[in-house]
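The values are calculated or read from the model by the stated rules, or taken from the named source; none is laboratory data. On a predicted model such as this, the values are computed, not experimentally measured, just so you know. Ideal geometry is used to build each Cβ from the backbone, glycine not excepted, and the neighbour counts take in all protein chains shown.
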Amino acid sequence: MALHSIRKARGCWSFIRALHKGSAAAPAPQKDSKKRIFSGIQPTGILHLGNYLGAIENWVRLQDEYDSVLYSIVDLHSITVPQDPAVLRQSILDMTAVLLACGINPEKSILFQQSQAKTTKQKHDGTGGLLTYPVLQAADILLYKSTHVPVGEDQVQHMELVQDLAEGFNKKYGEFFPVPKSILTSMKKVKSLRDPSAKMSKSDPDKLATVRITDSPEEIVQKFRKAVTDFTSEVTYDPAGRAGVSNMVAVHAAVTGLSVEEVVRRSAGMDTAHYKLAVADAVIEKFAPIKREIEKLKLDKDHLEKVLQIGSAKAKELAYPVCQEVKKLVGFL
Ligand SMILES: Nc1ncnc2c1ncn2[C@@H]1O[C@H](COP(=O)(O)OC(=O)[C@@H](N)Cc2c[nH]c3ccccc23)[C@@H](O)[C@H]1O
């Protein structure tokens, strides 16, 4: 493996990053108190580069921009396929550790386990809905009268259903639910490293397609080295014509905090074989502190359980009055 070119690239990209970030502290953002952010992630499988760049990094940023923010580990959604109970239980705690290590801060957002924040009564009211994945997702979002939902592109169809359901309810019972909007980023669809026409996915049978947050540096280098590109050796950004290389450029820009143009400009003269190593190195560097934090957090199971308990209690408290108001509007109360 070209360790030495990795080191060289690491020095170069660290320098670029330092230049880009500057040293002055950013002013504290003004929070928007009328809006409510909600999003969710399944606990099964290991968080990958697509989840991280398409959603989680955005979740972390939004904690500072909004007053009311909820993030749910959607265990109810994960049982649409068979799950071993002991493995599922562990996956929920592992995902908690991963989200905290990525920067989700329980002081700024409510991090909770979906199944623990649904009240017993609600389960009876929603029997039909709970059986249908997109309807359950709509219930998640509307239960908190959420206004904005940060997600990747694959969730947009589900969001359209949520919007239809909110509008339908409002038409029948009067303006009640805000019609929630998706928040997408430029990384809304991180592509598979083996098939740049497909999204990177937890369940891809080709292990080289998906870069997981817990992969070793050697695994990350191997995956980028084997990434499907094309026969042109130059590094350019042309998502329609050169999907593979462009996906790497976009990932590179996202993990270094540079613009796509700047990444391309700085890669002039590098062929794609070497460029793959530079991107791998930037990803390794981005994930390294998160990986260390995950390992630390996983040792403290009590802390992880407590975070979820506190979060679930807070989420329940927000859901209860909405649920009561819906019942009144519908005529149950
Ligand atoms: N290759 C990719 N590129 C960019 N973004 C991606 C990529 N792969 C995944 N994502 C995003 O990661 C988040 C979590 O994915 P899940 O599959 O667990 O996400 C899911 O399975 C949801 N149905 C969970 C859910 C349940 N209830 C909700 C309410 C609001 C929002 C989300 C939910 C998502 O934002 C997803 O879009």
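Is it the case that some residue within the range 279-295 is in contact with a His (Cβ under 9 Å, 6 or more places away or on another chain), closer than 17 Å to Cys102 by Cα and at pLDDT 95 or above?
Of all residues in the range 279-295, those in contact with a His (Cβ under 9 Å, 6 or more places away or on another chain) come to 279, 282-283.
From what's left, closer than 17 Å to Cys102 by Cα: 282-283.
Subsequent filtering for residues that are at pLDDT 95 or above retains 282-283.
There is at least one residue in the range 279-295 that is in contact with a His (Cβ under 9 Å, 6 or more places away or on another chain), closer than 17 Å to Cys102 by Cα and at pLDDT 95 or above.
How many of the residues making up the range 167-185 are out of contact with any Pro (no Cβ under 6 Å at 6 or more places or on another chain) and not in a loop (DSSP other than H, G, I, E, B)?
Keep residues of the range 167-185 that are out of contact with any Pro (no Cβ under 6 Å at 6 or more places or on another chain), which gives 167-182, 184-185.
Next cut, not in a loop (DSSP other than H, G, I, E, B) only: 167-173, 181-182.
So the answer is 9.
Under 7 Å between Cβ atoms, which residue pairs at least 6 apart in sequence (or on different chains) link something in the range 150-175 that is within 23 Å of Ser197 (Cβ to Cβ) and touching a residue at least 40 places away in the same chain (Cβ under 8 Å) with a partner that is within 8 Å of the ligand (Cβ to nearest atom) and not aliphatic (A, V, I, L, M)?
Val151/Ser39; Gly152/Gly50; Gly152/Gly54; Gly152/Lys188; Gly152/Lys189; Glu153/Lys188; Glu153/Lys189; Asp154/Lys199
Counting just the residues of the range 237-289 that are among the hydroxyl-bearing types (Ser, Thr, Tyr) and more than 20 Å from the chain's Cα centre (by Cα), which one comes out surrounded by the fewest Cβ atoms within 10 Å (Cβ to Cβ)? Reasoning before the result, please.
Within the range 237-289, the subset among the hydroxyl-bearing types (Ser, Thr, Tyr) is 237, 246, 256, 259, 267, 272, 275.
When the remaining residues are screened for being more than 20 Å from the chain's Cα centre (by Cα), the result is 237, 246, 259, 267, 272, 275.
Details: Tyr237: 19, Ser246: 21, Ser259: 12, Ser267: 23, Thr272: 21, Tyr275: 22.
Out of the qualifying residues, it is Ser259.
Evaluate the range 219-236: report whether one residue or more is surrounded by fewer than 20 Cβ atoms within 10 Å (Cβ to Cβ), out of contact with any Phe, Trp or Tyr (no Cβ under 9 Å at 6 or more places or on another chain) and free of Cβ contacts under 8 Å to residues at least 12 places away in the same chain.
Looking for residues that are surrounded by fewer than 20 Cβ atoms within 10 Å (Cβ to Cβ), out of contact with any Phe, Trp or Tyr (no Cβ under 9 Å at 6 or more places or on another chain) and free of Cβ contacts under 8 Å to residues at least 12 places away in the same chain, one finds at least one in the range 219-236, hence yes.
Report every pair of residues separated by at least 6 positions or lying on different chains whose Cβ atoms are under 8 Å apart, first residue within the range 177-192 and more than 30 Å from Val326 (Cβ to Cβ) and touching a residue at least 12 places away in the same chain (Cβ under 8 Å), second among the basic types (Lys, Arg) and surrounded by fewer than 21 Cβ atoms within 10 Å (Cβ to Cβ).
Filtered contacts from the range 177-192: Lys189/Lys199; Val190/Lys199; Lys191/Lys199; Ser192/Lys199.
Take Ala209 and tell me if it is buried (at least 21 other Cβ atoms within 10 Å of the Cβ), without any contact (Cβ under 8 Å) to a residue 24 or more places away in the chain and not basic (Lys, Arg). Don't jump to the end; show me each part of the working.
On the way: buried (at least 21 other Cβ atoms within 10 Å of the Cβ): yes; without any contact (Cβ under 8 Å) to a residue 24 or more places away in the chain: yes; not basic (Lys, Arg): yes.
Yes; evaluated as a whole, the condition is true for this residue.
Regarding Phe332, is this residue surrounded by 13 or more Cβ atoms within 10 Å (Cβ to Cβ) and in contact (Cβ under 8 Å) with a residue 40 or more places away in the chain? Before you say what the answer is, go through the steps one by one.
Numbers: surrounded by 13 or more Cβ atoms within 10 Å (Cβ to Cβ): no; in contact (Cβ under 8 Å) with a residue 40 or more places away in the chain: yes.
For Phe332, the condition - surrounded by 13 or more Cβ atoms within 10 Å (Cβ to Cβ) and in contact (Cβ under 8 Å) with a residue 40 or more places away in the chain - is not met.
Condition first: of a type in the set (A, V, I, L, M), without any contact (Cβ under 8 Å) to a residue 40 or more places away in the chain and in contact with a Phe, Trp or Tyr (Cβ under 7 Å, 6 or more places away or on another chain). Now tell me which residues in the range 263-295 satisfy that.
Passing the criteria: only Val264.
Can you find a residue that is touching a His at 6+ places or on another chain (Cβ under 9 Å), of a type in the set (Ser, Thr, Tyr) and either within 14 Å of the ligand (Cβ to nearest atom) or at pLDDT below 90 (or both) anywhere in the range 99-120?
There is no residue in the range 99-120 that is touching a His at 6+ places or on another chain (Cβ under 9 Å), of a type in the set (Ser, Thr, Tyr) and either within 14 Å of the ligand (Cβ to nearest atom) or at pLDDT below 90 (or both).
Restricting attention to the range 55-70, which residues are within 20 Å of Gln113 (Cα to Cα) and assigned to a helix (DSSP H, G or I)?
Matches in the range 55-70: Ala55, Ile56, Glu57, Asn58, Trp59, Val60, Leu62, Gln63.
Results for (1) assigned to a helix (DSSP H, G or I); (2) at pLDDT below 95, shown as yes or no for each residue.
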| position | (1), (2) |
| --- | --- |
| Ile37 | no, no |
| Leu53 | yes, no |
| Ser72 | no, no |
| Val81 | no, yes |
| Ala86 | yes, no |
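Spot the failing condition for Asp204; the list is (1) crowded, with 16+ Cβ neighbours inside 10 Å; (2) closer than 30 Å to Lys35 by Cα, and only one is missed.
So Asp204 meets the others, but not (2).
Those residues that are of a type in the set (A, V, I, L, M, F, W, C) and under 20 Å from Val228 (Cα atoms), I need them from the range 269-290; list them, please. Spell out the reasoning first.
Of all residues in the range 269-290, those of a type in the set (A, V, I, L, M, F, W, C) come to 270, 273, 277-280, 282-284, 287-288, 290.
Residues satisfying the conditions are Met270, Ala273, Leu277, Ala278, Val279, Ala280, Ala282, Val283, Ile284.
Which residues, taken from the range 137-165, are surrounded by fewer than 19 Cβ atoms within 10 Å (Cβ to Cβ), near the ligand (Cβ under 7 Å from one of its atoms) and over 22 Å from Leu53 (Cβ atoms)?
Result: no residue meets the conditions.
If we keep just the residues of the range 186-240 that are within 13 Å of the ligand (Cβ to nearest atom) and not in a loop (DSSP other than H, G, I, E, B), which is farthest from Thr44 (Cα to Cα)?
Lys191
In the range 59-99, which residue that is in contact with an Asp or Glu (Cβ under 8 Å, 6 or more places away or on another chain) and under 22 Å from Ser146 (Cα atoms) is surrounded by the most Cβ atoms within 10 Å (Cβ to Cβ)?
The extreme case among them is Ser72.
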